[in-house]
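Have a look at the structure below before the remarks.
Computed from the coordinates by the stated procedures, all read-outs in this text should not be read as laboratory data. Everything numeric in this text was worked out from a predicted model, so none of it was measured. All Cβ positions, even for glycine, are placed from backbone atoms using ideal geometry, and neighbour counts span all protein chains on display.
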Amino acid sequence: MAELVRMAHGSGGRLMHRLIEEIFLPRFGALPGGAGDDAAEVPTEAGRYAFTTDSFVVKPLFFPGGDIGRLAVCGTVNDLAAKGASAEYLSAAFVLEEGLPIETLSRVADSMAAAAREAGVRIVTGDTKVVERGAADELFIATSGIGRIADNVNVSGANARPGDVVIVSGTIAEHGAAVMNARHGLGLGGTELRSDCAPLSQLVLAALAATPGVHALRDPTRGGVATALVEIARQSSVRIVIEEHAVPLRLPVRRACELLGIDPLYVASEGRMLAVVPQTQKDAFLSALRSHPLGCEAAEIGRVEAGSAGVVLHTTIGGLRPLIMLEGDPLPRIC
Ligand code: MG
């Protein structure tokens with residue numbers, strides 16, 4: 001029987017990686033050294049630039065802590081930041097369903113403009129298409145972005161080395177928990193369950209200025225911290241060990257994940273960055289993160305070792321559990 005696209009192909013997990021490896025990379029190729037990162041480094045005569053693109057189909061359009069417009073700006077800004085680049089210019093393409101209130105589109109555009117100001121980036125080009133009622137769900141947005149990479153920065157998921165330290169810039173899983181709570185009207189967590197959606201360019205640039213020798217950065221969006229770390233472990237052919245007790249997690253988020261039956265390590269953040277840093281730069285990197293409001297809860301959560309490529313969780317009860325890429329799609333249309 002012919003294979004069909006399933007929801008899990010959009011999860012950011014194992015099936016999405018299969019699409020990239022079997023459909024896209026063999027046909028499109030990759031620039032040297034860049035396959036698997038959040039953005040491509042494009043060499044130009046004017047310097048080093050990072051280029052990235054993303055599409056957004058989150059449901060509902062508005063949720064505590066954000067909306068599809070803020071997400072569309074932050075997602076692309078953060079993928080540039082994960083390549084060590086400061087976002088400069090974005091494009092925005094809209095697919096609108098016939099019947100969408102113009103007022104809804106205005107609110108989303110207001111939110112995009114505000115997020116762009118916050119991130120110090122300009123939205124300079126775009127496109128609008130409309131499809132018949134039922135051919136799309138209200139509103140989809142695709143954003144692309146370009147930003148310059150400083151000469152002394154070289155971050156890639158392929159650069160993790162044994163002896164490095166794994167750091168996360170703050171509490172995890174808040175975006176996914178907040179969207180699921182809003183979508184299903186679960187009424188969990190009161191006002192505490194809010195998306196962490198935020199532009200990380202200034203946080204990351206400040207930290208890179210303090211410690212330009214950072215090896216790898218990745219924003220743990222779809223697939224969560226676990227999937228992002230498996231990607232890095234595979235790209236670098238290293239073993240990553242994570243200490244479960246050290247991973248920062250707010251109580252309402254933990255409770256929401258327990259009720260939904262989902263491991264918070266697989267739930268998306270939209271305003272957090274994972275970093276793999278040489279041991280010698282760990283303290284400077286952590287203090288640079290912690291001196292910024294978006295990084296004040298940054299924590300060391302694990303280490304990189306030699307060994308077969310993969311991620312192992314040292315659990316709070318003392319066991320060792322291998323972490324694999326997200327299977328299936330427990331949280332569809334989360335971003
Ligand atoms: Mg990313």
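Tell me, what is the FRET efficiency for Val5 and Asp283 to the nearest 0.05, using R0 = 51 angstrom and their Cβ-Cβ distance as r?
Values: r = 46 Å, r/R0 = 0.91.
That gives a FRET efficiency of 0.65.
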- [ ] Report the antiparallel proportion of the DSSP beta bridges in the chain as a percent, rounded to a multiple of 5.
- [x] 75 percent
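Can you give me the relative contact order of the chain as a percent, contacts being Cα pairs under 8 Å and 6 or more apart? Don't skip to the answer; put the middle values down first.
Details: 811 pairs, mean separation 81.7, N = 335.
It rounds to 24 percent for the chain.
Relative contact order (percent) for region 157-323, with alpha-carbon contacts under 8 angstrom and 6 or more residues of separation?
Working: 392 pairs, mean separation 71.5, N = 167.
For region 157-323, the relative contact order is 43 percent.
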Task: Fraction of antiparallel bridges per DSSP, region 157-323 only, in percent to nearest 5 - done: 80 percent
Open item on the list: I need two numbers for the chain: Rg to one decimal and Dmax as a whole number, Cα atoms only, in Å.
Closed with: 19.0, 57
Task: Residues Ala246 and Tyr89, FRET efficiency given R0 of 35 Å [Cβ-Cβ distance, rounded to 0.05] - done: 0.40
Task: Net lengthening on full extension, Arg290/Thr128 (0.36 nm per residue, minus Cα-Cα) - done: 54.3 nm
Task: Rounded D (µm²/s) - region 1-66, Kirkwood Rh over Cα pairs, Stokes-Einstein at 25 °C, 0.890 mPa s - done: 166 µm²/s
- [ ] Would you mind computing Rg(Cα) / (2.2 N^0.38 Å) for region 120-184, counting N as its residues?
- [x] 1.79
TODO: Let me have the 222 nm mean residue ellipticity of the chain computed from DSSP H runs of 4+ only, each contributing -39500 (n - 2.57), with the sum over all residues rounded to the nearest 500.
DONE: -8500 deg cm²/dmol
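Once the Cα gyration tensor of region 239-310 is diagonalised, what are the square roots of 5 times its eigenvalues, in whole Å and ordered largest first, as equivalent ellipsoid semi-axes?
Values: eigenvalues 109, 70, 17 Å².
Each semi-axis is √(5λ); the values are 23, 19, 9 Å.
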Task: Calculated Rg and Dmax of region 157-323 using C-alpha coordinates, Å - done: 15.4, 46
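When 1/r is averaged over all different Cα pairs and the result inverted, which Kirkwood radius in Å belongs to region 40-149?
Details: mean 1/r = 0.0699 Å⁻¹.
Across region 40-149, the inverse of the average 1/r is 14.3 Å.
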Task: Point-charge dipole on Cβ atoms (K/R +1, D/E -1) for region 40-149, about Cα centre, debye to 20 - done: 320 debye
